[in-house]
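Encoded as structure tokens, the structure appears first; notes follow it.
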Amino acid sequence: MSDRPRLTDTPLSILDLAHLRQGGTAGEAFHNARALAQRAETLGYKRFWLAEHHNIRGVACSATSVLISYIANATSTIRVGSGGIMLPNHAPLAIAEQFGTLESLFPGRIDLGLGRAPGGDSEAARALRGTMNTGEDFPALLDELRRYLAEPLPSQRVHAYPGEGTNVPIWLLGSSDFSARLAGQLGSPFAFAAHFQPGPLLPALHIYRSSFRPSQVLDRPYVMVGIPVIVADSDEQAQLLATTPIQMFLNLIRGVPGPLPPPVTSLEWTPEERHMVAAKFGAAIFGAPEQVATRLNAFLEQTQADELIVVTNTYDFQARLRSYELLANLAKQGREKSQIARTV
């Protein structure tokens with residue numbers, strides 16, 4: 001990639017949590033995720049990832065592998081995967097078998113993104129794991145998982161059937177420097193969660209790139225960055241739509257998480273809450289197409305990201321579809337202009 005990456009050159013992907021909206025159901029959220037993935041495929045998005053969460057009212061993406069199968073079965077070319085599976089919640093053998101099954105069903109289309117956070121509160125983590133830990137054993141769990149998905153060793157006693165030899169692509173996900181350093185040392189692709197933790201983004205990317213060692217998977221670093229984006233026909237409309245994810249975060253920090261609320265024309269919040277929201281959405285880009293394109297190009301130049309994975313949470317599903325369509329059109333129009341310029 002050039003020294004000045006542009007939206008026209010950068011693959012776009014989608015991160016989905018199967019959010020419920022107020023008055024909606026889990027079934028509706030799943031059907032919307034399927035419809036969005038199908039539309040994203042026609043628009044040229046590269047990946048559609050689903051993120052494991054637990055014990056969060058309003059988020060239905062808990063049985064992540066099941067949802068990946070549901071989405072992959074409804075599409076044909078877009079890559080589908082986890083953004084991510086929270087590995088300390090699971091036995092590595094179980095994840096190897098699940099993703100070996102997915103890879104066998106949908107060959108060449110499955111990604112396994114891994115995180116070390118619980119994907120929920122401490123009570124949910126304890127219920128899932130039977131005990132509580134802080135993820136210190138993540139490298140060991142990762143090593144075990146990678147062995148199950150690789151070619152078997154002569155001395156190996158436990159095998160993932162299916163899974164063994166599939167070499168499902170593994171991504172490390174992070175919101176700090178821990179996974180950035182580990183991904184670099186292993187020569188794995190790295191995805192940073194700037195959609196909810198933008199502050200450490202640039203230091204983490206520096207650590208990943210500076211610690212990177214070429215591997216059988218990659219000969220150079222590959223970074224994907226999560227970013228909140230809402231594109232609408234006007235800045236005013238985009239800002240109105242953005243009050244939905246802002247309210248969602250406010251409800252979370254107030255201890256009353258829930259489904260996506262409808263947009264509002266004014267927000268009631270304290271100065272402290274406003275500051276917390278500003279930190280949360282530090283990388284967010286909400287606006288009309290021209291403004292979004294300008295800011296995304298600046299973001300790409302700053303981060304040198306190889307790929308963007310976009311998070312768009314609106315109350316109205318049609319507004320969400322429209323946002324992803326407008327974003328895809330921005331990239332397409334830019335490519336067409338570049339092609340015309342090269343031929344003149």
Self-check item: Cα coordinate range in region 7-343, projected on the principal axes (Å, largest first)
Solution: 63, 56, 38
Quiz prompt | Overall dimensions of region 203-344 as given by Cα atoms, namely Rg and Dmax in Å | solution = 17.9, 58
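Assuming 0.36 nm per residue, please report the length gained on full extension of the stretch His31 to Leu105 beyond their Cα-Cα distance.
Values: separation 74, 0.36 × 74 = 26.64 nm, distance 2.06 nm.
Working it through step by step, the gained length comes to 24.6 nm.
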Quiz item: How do 245-258, 301-314 rank on mean C-beta neighbours within 10 Å, highest first?
Solution: 301-314, 245-258
Quiz item: For the pair Tyr161 and Met276, what calculated FRET efficiency results from E = 1/(1 + (r/R0)^6), where r is the Cβ-Cβ distance and R0 = 45 Å, to the nearest 0.05?
Solution: 0.45
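So, R0 is 45 Å and r is the distance between the beta-carbons of Thr294 and Leu93; what FRET efficiency does that work out to, to 0.05?
That pair, Thr294 with Leu93, gives E of 0.40.
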Practice problem: Would you mind telling me which residue in Gly199, Gly27, Gly81 has the biggest mean-square fluctuation in a Gaussian network model of the chain, where springs connect alpha carbons within a distance under 10 angstrom? | Solution: Gly27
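Using only helices, what value at 222 nm comes out for the chain when you add -39,500 (n - 2.57) per DSSP H run of length 4 or more and divide by the total residues, to the nearest 500 deg cm²/dmol? Walk me through the intermediate numbers first.
Details: 11 runs with 154 residues, N = 344.
Rounded to the nearest 500, it is -14500 deg cm²/dmol.
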Quiz item: Using the count of nearby Cβ atoms within 10 Å as a rough guide to exposure, how do Leu241, Leu321 rank from fewest to most?
Solution: Leu321, Leu241
Quiz prompt | Additional length obtainable on full extension of the chain from Ser234 to Leu267, 0.36 nm per residue less Cα span | solution = 9.9 nm
Exercise. Report the local net charge at Leu186: Lys and Arg +1, Asp and Glu -1, summed over other residues whose C-beta lies under 15 Å from its C-beta.
Key: +3
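FYI, it's all coordinate maths here, none of it is from the lab. Quick caveat: nothing in here was measured; it's all calculated off a predicted structure. Backbone-built Cβ (ideal geometry, glycine too); neighbour counts: all protein chains shown.
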